[in-house]
Amino acid sequence: LELGGKSPCIIDSTAKIDAAVNRIFFAKTMNCGQVCIAPDYVLVHESKQEEFTKKFVGQVKKSFGEDHKASPHWGRIINGRHAQRLTGLIESAGGQVLSGGADKVDVQEKFVPLTVIKDVPLSAPIMHEEIFGPILPIIPVKTMEEALSIVEEKERPLALYVFSEDKKFVEETLTRITSGGAAVNSAMEQIIANKELPFGGTGGSGFGKYHGRAGFEEFSHMRSVLYKTTMHSNSLMPPPEAQPAWMYDAGLKMMVVGFVSDSTRQKLKVAKWIVGGIALAALIKVALATSVGHGILKLASGK
C-alpha cells in the first residue's frame, strides 16, 4: 500500500541548478502534480535559491505561457473539490507568489495554474498537508543540517530527491532520511526508468512494495517446511518423565531470553556429544546392514 506524503527535494550549494530545475519541473508538472511521488516542496541552500527560483519560473513561462488556461499543454485538477482545496493551500501559504496564484484559479473549470511560492513559513498548512497538485513551496536554508532536520521532523516520505555533487552529503541524506524510494540528481525516475526496482512506502507513506521480483515476493507466501529423519523415533525433547531436571530450564531460557547459565551450558555440550554419538552409531548400523555399507567398509580396510 503506497499512500504518498510530502516528498522533499533537497538542493545543496554544490548542486547543478540547470539539472535540478529541468528534472524537478518534469516531475512536478506531470499530470499537474497529481502524482503520489511528485515533489512536494523544495529545500534549497540560500546561496542557490535565487538562481533556482529564477530559472524555474522562467521554465514555467516558457512551457505554459503567462496564461496556463490557454495552454494546450496544461491539464486540469480531478474535480472542483480538490481545486478548492488547493486554492485554500495557496491562500494560507504566506511567502511570495512568483508564478500562478489563488486569484488565477477557476474552480468551475477545475483549473489551477502551476503556482511557485518562495519563503513559505514552516508553520503554513501547505507544509503539513500533502499537496497533490501544481503548487511548489520553496524554502531557503542556511545549512544542509537545517534541511535534513526539517525533513526528519515530518512523516517518512514516499520519495526523497536530493540534488548535490557532494557524495558525502548524498550518503548522509540517504542514511538519515528514511523514505519509500529515493533519487539522486533526479526526480520520479526511480519509478519510471526501471520497472524492476521495488516501489512502496514506509511508515506514514505506506507499507509493502511491488514491481519486478519485489512484487512477486510481496504477493507470494513464503512457507517454511521441515523434513525430519525417521531413522530414530526421538522427538525434539523427551517426555516429561524422562527429562533431566535442567532440561526445562535450558529450553525455556534458550527460547525466551536466549541465554543459559554456565553450568547448564556445559550440560548441553555434553548432551550434544552424546546425541551426536548416538546418531553416528545409528548411521554405522545402517551402513553395515546394506550392500553399500559393506562396500565402503571393504574399501576402508583395503580388502
Within the range 28-47, the count of residues that are under 26 Å from residue 191 (Cβ atoms), open to solvent by 30 Å² or more (accessible area, probe 1.4 Å) and in contact with a strand residue (DSSP E or B) (Cβ under 8 Å, 6 or more places away or on another chain) comes to 1
Taking the range 123-134 and keeping residues under 23 Å from residue 182 (Cα atoms) and either in contact with a Lys or Arg (Cβ under 9 Å, 6 or more places away or on another chain) or open to solvent by 30 Å² or more (accessible area, probe 1.4 Å) (or both) leaves 127, 128, 129, 130, 131, 132, 133, 134
Exactly one of 279, 250, 300 is aliphatic (A, V, I, L, M), exposed (fewer than 10 other Cβ atoms within 10 Å of the Cβ) and at pLDDT below 75, and that residue is 300
Taking the range 11-26 and keeping only residues that are under 15 Å from residue 189 (Cα atoms) and of a type outside the set (Lys, Arg), one is left with 19, 20, 21, 22, 24, 25, 26
Those residues of the range 52-100 which are over 33 Å from the mean Cα position of the chain (by Cα), open to solvent by less than 20 Å² (accessible area, probe 1.4 Å) and free of Cβ contacts under 8 Å to residues at least 40 places away in the same chain amount to 71
Screening 120, 97, 105, 112 for residues that are within 13 Å of residue 29 (Cβ to Cβ) and either polar (S, T, N, Q) or modelled with pLDDT of 95 or more (or both) leaves only 112
- Regarding residue 69, is this residue under 17 Å from residue 134 (Cα atoms) and at pLDDT below 95? yes
When the range 140-150 is checked residue by residue, the ones that are of a type outside the set (D, E, K, R), open to solvent by 10 Å² or more (accessible area, probe 1.4 Å) and closer than 22 Å to residue 19 by Cα are 140, 143, 144
Of the residues in the range 173-197, those that are modelled with pLDDT under 95 and open to solvent by 70 Å² or more (accessible area, probe 1.4 Å) come to 189, 192, 193, 195, 196, 197
Reported set for the range 151-172 where residues are farther than 20 Å from residue 200 by Cβ and crowded, with 17+ Cβ neighbours inside 10 Å is 163, 164, 169, 170
request  = Would you mind stating whether residue 241 is surrounded by 11 or more Cβ atoms within 10 Å (Cβ to Cβ), out of contact with any strand residue (DSSP E or B) (no Cβ under 9 Å at 6 or more places or on another chain) and more than 24 Å from residue 281 (Cβ to Cβ)?
outcome  = no
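The values are calculated or read from the model by the stated rules, or taken from the named source; none is laboratory data. Predicted model only: the values in this text are computed from it and were never measured. Cβ: placed from backbone, ideal geometry, glycine included. Neighbour counts: every protein chain shown. Areas reflect the complete protein model, heavy atoms only, side chains present, ligands, DNA and RNA absent. Shrake-Rupley method; radii C 1.70, N 1.55, O 1.52, S 1.80 Å.
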